[in-house]
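Report on one structure; see the data block that follows.
The numbers here are math on the coordinates, done by the rules we state, and not lab data. All values reported here derive from a predicted model rather than from experimental measurement. Here Cβ is always computed from backbone atoms with ideal geometry, including for glycine, and neighbour counts include all displayed protein chains.
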Amino acid sequence: RRGKSHSIRPSSVTANWITYSQQEIELIIEELAKKGYTQSQIGIVLRDQFGIPLVKPIIGKKVSKVLEEKNLLPKIPEDLFNLIRRAVNLRRHLDEHPKDKTSLRGLIFTESKIRRLTKYYKRIGKIAKDWEYDPNTAKLLVAGSS
């Protein structure tokens with residue numbers, strides 16, 4: 001009814017066309033992370049440029065685990081950082097257009113997602129227990145990463 005034109009994961013977990021060893025793949029991941037690529041961008045580059053559809057079945061670890069072992073994992077998880085970036089952009093937009101109630105509603109929803117995700121990451125130990133989301137410091141955080 002709604003079509004099938006969406007991304008589909010590979011049907012088999014073995015990709016017999018891959019000529020890279022586990023160490024080479026880990027080295028590629030490390031180099032891309034040092035260049036400033038995020039975890040999702042690394043996965044896309046591996047898929048599109050190196051022909052590696054999924055990392056975990058080949059090397060037995062996720063990209064985040066490889067980055068964690070090499071101490072290249074960012075302090076704030078990627079999904080939380082992207083939500084913070086969106087909230088900062090919405091706040092900037094609302095400073096220019098204060099009567100935009102639709103964007104204000106979006107900001108409220110985005111910041112509540114940030115709070116929920118923060119609570120989860122504190123519970124599992126991915127971020128510090130005393131870390132708090134503050135819109136003013138978030139601006140500096142996003143500006144510092146660009």
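Helix 39-50 and the longest principal axis of the Cα set of the chain meet at an angle near 40°. 3J(HN,Hα) along region 60-67: x, 9, 7, 4, 5, 5, 5, 5 Hz, from the Karplus curve 6.51 cos²θ - 1.76 cosθ + 1.60 with θ = phi - 60°, whole Hz, x for Gly and Pro. Ellipticity at 222 nm from helices only: DSSP H runs of n ≥ 4 in the chain, each -39500 (n - 2.57), divided by the residue count, give -19500 deg cm²/dmol. Expressed as a whole number of Å, what is the distance separating the alpha-carbon centroids of region 63-84 and region 119-146? Using only Cα atoms, the two centres lie 12 Å from each other.
I need the trypsin sites (Lys or Arg not before Pro) found in region 46-146, filtered to DSSP loop residues with at most 12 other beta carbons within 10 Å of theirs. Hits after loop and neighbour filter: Lys75, Lys99, Lys129. Taking a ≥ b ≥ c as the square roots of the Cα gyration tensor eigenvalues, region 40-83 comes out oblate, since a/c reaches at least 1.5 and a/b does not exceed b/c.
Residues in region 103-120 carry Karplus couplings, in order, of 5, 4, 4, x, 5, 4, 5, 5, 5, 6, 5, 4, 5, 5, 5, 4, 4, 5 Hz; the curve used is 6.51 cos²θ - 1.76 cosθ + 1.60 with θ = phi - 60°, and Gly or Pro positions show x. Restricting the chymotrypsin sites (Phe, Trp or Tyr not before Pro) of region 16-81 to loop positions (DSSP other than H, G, I, E, B) with no more than 14 neighbouring Cβ atoms within 10 Å leaves Trp17.
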